[in-house]
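First comes the structure, then the notes that go with it.
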Amino acid sequence: MKASVSLVTPLLLIEGKRSDWPVLPKQRDKEFNDFYTTPSEALLYTFYATTKKDVDEALISHIEEIRKVRNQIVHGISRTRLNPKFLVDKILDTYLFFKGKDAWWEAVSGFHFNHPLTGYYDLSIETAQFAERLDYALNMVGKSKMAKHFAINLRGRSYFCPKCLQDYVRGVGEDYKYAWAFLTPNSASSTSVTCLNCGNENKVIRQPCPYDGCKGNVLYRIEDLSKFNDASVALTDEAPEAMEDEHGFCLTCQENIWWKVQEI
Ligand SMILES: [Zn+2]
Ligand SMILES: [Zn+2]
């Protein structure tokens, strides 16, 4: 809100008499930080007096709720027990109110992955840790609330991201647990998945997974098999002889998949 008010003038954030505003000649300069600034209660009024946005009752309630909780913590001996669910919920809503969908995730992940030390530890692990954050937020607020905060449709089934999964399994050698890729568009015939965590979009093959017990039908091909005759490409869960590397894997069960292929 302060940033928005400052677009008009930061002087409106100063609490006190206008005659104290250092705007006329011969007035003594004063550091902006030395002024008392608008208390949070009045900030909402200044914000709506200056913004071009329509008044939003939901935003007003949101700000008031946070302001009161904050005052209880800072100025009183609060009996209110704050829990992570409340905090995560309010943080997500604050981003949504002021910046719109995806803003929370862009801020959180951008802060880390635009940092010069990104990857210094291990990029695949760092990326997985961010997927774990998505899992955490999802567990806190639930799927329908979480879905409000992203442009990608989170209500659809989620799949393992080919990039996040491969990087992690190759780098760490353990199973990958975080499924944050979604069909784009979310339809039965869709042939690509987009990962909310890493932002990558990958082509997928829509064929039933050959493994018993897996109902998945979104497969990822590591190798480019376009040089093969497509009609002869059939799925198999057994590695053909003399073929060491898998052709791909199922984005539901992670199991390796080979395609029986015949060169054109
Ligand atoms: Zn990913
Ligand atoms: Zn499968």
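So for the stretch 2-260, Kirkwood radius off the Cα pairs, Stokes-Einstein at 4 °C and 1.567 mPa s: how many µm² s⁻¹? Write out the running numbers ahead of the final one.
On the way: Rh = 22.6 Å.
Answer, rounded: 57 µm²/s.
Which semi-axes, in whole Å and largest first, does the equivalent ellipsoid of the stretch 1-103 have when worked out from the alpha carbon gyration tensor as the square roots of 5 times its eigenvalues? All intermediate terms of the calculation are to be shown ahead of the outcome.
Details: eigenvalues 181, 69, 25 Å².
Result for the stretch 1-103: semi-axes of 30, 19, 11 Å.
Report Rg (one decimal) and Dmax (nearest whole number) for the stretch 171-220, counting Cα atoms only, units Å.
Cα only, the stretch 171-220: 12.0, 33 Å (Rg, Dmax).
In percent, how large is the relative contact order of the stretch 1-67, given Cα pairs closer than 8 Å and 6 or more residues apart? Could you put the intermediate results ahead of the total?
Numbers: 45 pairs, mean separation 25.7, N = 67.
Relative contact order, the stretch 1-67: 38 percent.
Using the Cα centre of the chain as the reference point, and only Cβ charges (+1 on K/R, -1 on D/E), how large is the resulting charge dipole? Debye, rounded to the nearest 20. Mind showing how you got there, number by number?
Details: 32 positive and 35 negative charges, 359 e Å.
Value, rounded to 20: 1720 debye.
Hey, what angle do you get for helix 162-172 against the long axis of the chain, alpha-carbon based, 0 to 90 degrees rounded to 10?
Taking the Cα atoms of the chain, the angle to 162-172 is about 80 degrees.
Roughly what angle does helix 84-99 make with the longest principal axis of the chain, taking Cα atoms, 0 to 90 degrees, to the nearest 10?
80 degrees
Name the residue farthest towards the positive end of the dipole of the chain from the options 211, 110, 27, assuming +1 on Cβ of Lys and Arg, -1 on Cβ of Asp and Glu, about the Cα centre.
Toward the positive end, the furthest listed residue is 27.
At what distance in angstrom do the alpha carbon centres of the stretch 182-208 and the stretch 1-70 lie from each other?
Centre-to-centre (Cα) distance: 45 Å.
Give me 111, 97, 182 sorted ascending by neighbouring Cβ count inside 10 Å, so fewest comes first. Before the final figure, lay out the partial values.
Working: 111 9, 97 15, 182 23.
Going from least to most buried by this count: 111, 97, 182.
With n ≥ 4 as the cut-off for DSSP H runs, can you work out [θ] at 222 nm for the chain, using -39500 (n - 2.57) per run divided by the number of residues, rounded to the nearest 500? Intermediate values should be presented prior to the final figure.
Working: 8 runs with 97 residues, N = 264.
Taken over the chain, the calculation gives -11500 deg cm²/dmol.
Taking 22 Å as the cut-off for C-alpha to C-alpha distance, list the pairs among 99/145; 52/145; 101/145; 2/148 that go past it.
On the way: 99/145 17 Å; 52/145 27 Å; 101/145 12 Å; 2/148 25 Å.
Violating the 22 Å limit, Cα to Cα: 52/145; 2/148.
For the chain, take the longest principal axis of its alpha carbons; what is the angle in degrees between that and the long axis of helix 40-50, to the nearest 10 within 0 to 90?
Taking Cα atoms only, the helix is inclined about 80 degrees.
Exposure proxy check: 90, 17 ranked by fewest other beta carbons within 10 Å?
On the way: 90 15, 17 7.
With the sparsest Cβ surroundings first, the list reads 17, 90.
Just so you know, all these numbers are worked out from the coordinates, no wet-lab data involved. Source: prediction; values computed, not measured. Methodologically, a virtual Cβ is constructed for each residue, glycine included, from the backbone with ideal geometry; neighbour enumeration extends over all protein chains shown.
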